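Student: Below is one structure. I have some questions about it.
Derivation of every value follows stated rules applied to the coordinates shown; laboratory data play no part. Being a predicted model, the structure only gives us computed values, none of them experimental. As a convention, Cβ positions derive from the backbone with ideal geometry for all residues, glycine included, and neighbour counts pool all protein chains shown.
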Amino acid sequence: MGQPSGRSLGNPQPMRTVRANKVTSRSDLFPRLIGMQKLADAQNFAVYRISGAGVPAKQRLVCELENWGPSNSGFSKAFVDAHGEALLDHIEKSLLPIVWAGGLDRAAPGPSGIAPFMTRLQGGLVPFSGMAFPVRLGAVGNGFVIFTGDDLEPASDMIVELHARSCQIMIDLLSLDERRVAAAEALSEREIACLQLAGDGRISEEIAEKLGLSVHTVNAYLGSATIKLDSVNRIQAIAKAIRLGYIS
């Protein structure tokens with residue numbers, strides 16, 4: 001269940017269409033996740049990756065994509081605080097989907113017929129019910145695609161379909177990261193140095209003084225590094241450079 005099956009039990013054509021489309025940025029994944037959200041009759045989605053793979057004590061869930069929105073900005077942290085350890089433990093042992101009941105629901109989502117093939121977490125720890133599909137692609141490719149909402153009741157074949165599509169989402173996300181790694185390898189020493197100092201909290205004027213450059217040149221280096229790392233701003237570029245191991 002945890003690996004792409006190459007076929008869709010519901011409607012094979014949409015699955016082939018999803019795989020045929022080339023993903024060039026994370027924004028390309030949002031329409032597909034919204035489509036999956038509708039199939040699950042869910043209200044929101046989130047994609048988590050596991051960082052610190054191979055070092056259990058340092059492993060944690062990092063939210064890569066979500067549509068909870070500003071009004072529910074605390075949901076991601078609440079979910080990780082409540083179920084993070086259970087999910088990290090689960091993916092080491094099983095690829096069965098996970099379900100949980102929120103504070104207002106009495107039962108976890110999912111049809112009774114597939115209950116033996118799903119893992120249930122303690123209910124009531126977060127305000128929303130949901131289901132999580134684990135994906136294990138090795139080292140930097142492990143994580144979960146989750147869907148949340150009230151009264152989630154996807155059919156058994158739809159759960160299988162959503163799991164397969166979750167695998168493809170994670171494969172495409174990993175592919176995008178690999179392309180960003182290739183771009184990051186093209187960063188110049190000056191770009192890396194500027195990113196490192198910016199990551200240390202230095203403003204452009206301080207970086208310029210430290211490196212003996214003009215403020216204009218520093219901003220140019222930071223701008224080019226941001227573009228190479230496929231980031232929308234300096235803060236995101238720093239975060240990606242840290243995640244990719246180019247700065248600390």
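Student: Taking the beta-carbon count within 10 Å as an exposure proxy, list LYS58, LYS228 from fewest neighbours to most.
Tutor: By the 10 Å Cβ count, ascending, the order reads LYS58, LYS228.
Student: Within straight cross-link reach of LYS240, meaning Cα distance under 28 Å, which lysines are found once same-chain residues fewer than 8 apart are removed?
Tutor: LYS22, LYS58, LYS77, LYS210, LYS228
Student: Let me ask something else. At a threshold of 8 angstrom on Cα-Cα distance, excluding pairs fewer than six apart, so keeping six or more, what relative contact order does the stretch 185-243 reach in percent?
Tutor: 34
Student: When Lys and Arg each count +1 and Asp and Glu each count -1, what net charge do the other residues less than 15 Å away from GLY212, Cβ to Cβ, add up to?
Tutor: Net of charged neighbours comes to -1.
Student: Same structure again: Going by C-beta contacts inside 10 Å, put CYS194, CYS63 in order with the fewest on the left.
Tutor: CYS63, CYS194
Student: Provide the per-residue ³J(HN,Hα) series for the stretch 226-232, in order, calculated from phi with Karplus coefficients 6.51, -1.76, 1.60 and θ = phi - 60°, each as a whole number of Hz, with x at glycine and proline positions.
Tutor: Taking θ as phi minus 60°, the curve returns 4, 5, 4, 8, 6, 10, 8 Hz for the stretch 226-232.
Student: Expressed in nm to one decimal, what extension gain is obtained for the pair ALA220 and SER94 from 0.36 nm per residue of sequence separation less their Cα-Cα distance?
Tutor: Result for the pair: 40.6 nm of gain on full extension.
Student: Then there is this: Please compute the modelled spin-label separation between SER156 and SER188, points set 7 Å along Cα→Cβ, answer in nm with one decimal.
Tutor: 6.2
Student: Let me ask something else about it. Using each residue's phi in the stretch 150-167, evaluate 6.51 cos²θ - 1.76 cosθ + 1.60 at θ = phi - 60° and report the 3J(HN,Hα) Karplus result to the nearest Hz, with x for Gly and Pro.
Tutor: Once θ is set to phi - 60°, the couplings for the stretch 150-167 become 8, 6, 6, 9, x, 5, 4, 5, 5, 4, 4, 4, 5, 5, 5, 5, 5, 4 Hz.
Student: May I ask you to derive the FRET efficiency for LYS38 and LYS58 from their Cβ-Cβ distance with R0 = 41 Å, giving the value to the nearest 0.05?
Tutor: 0.70
Student: What number, in percent, do you get for the relative contact order of the stretch 130-174 if the mean sequence gap of Cα pairs under 8 Å and at least 6 apart is divided by its residue count?
Tutor: Relative CO of the stretch 130-174 lands at 42 percent.
Student: For THR217, THR148, THR226, THR24, what's the fewest-to-most ordering of other Cβ within 10 Å of each Cβ?
Tutor: The most exposed by this proxy come first: THR24, THR217, THR226, THR148.
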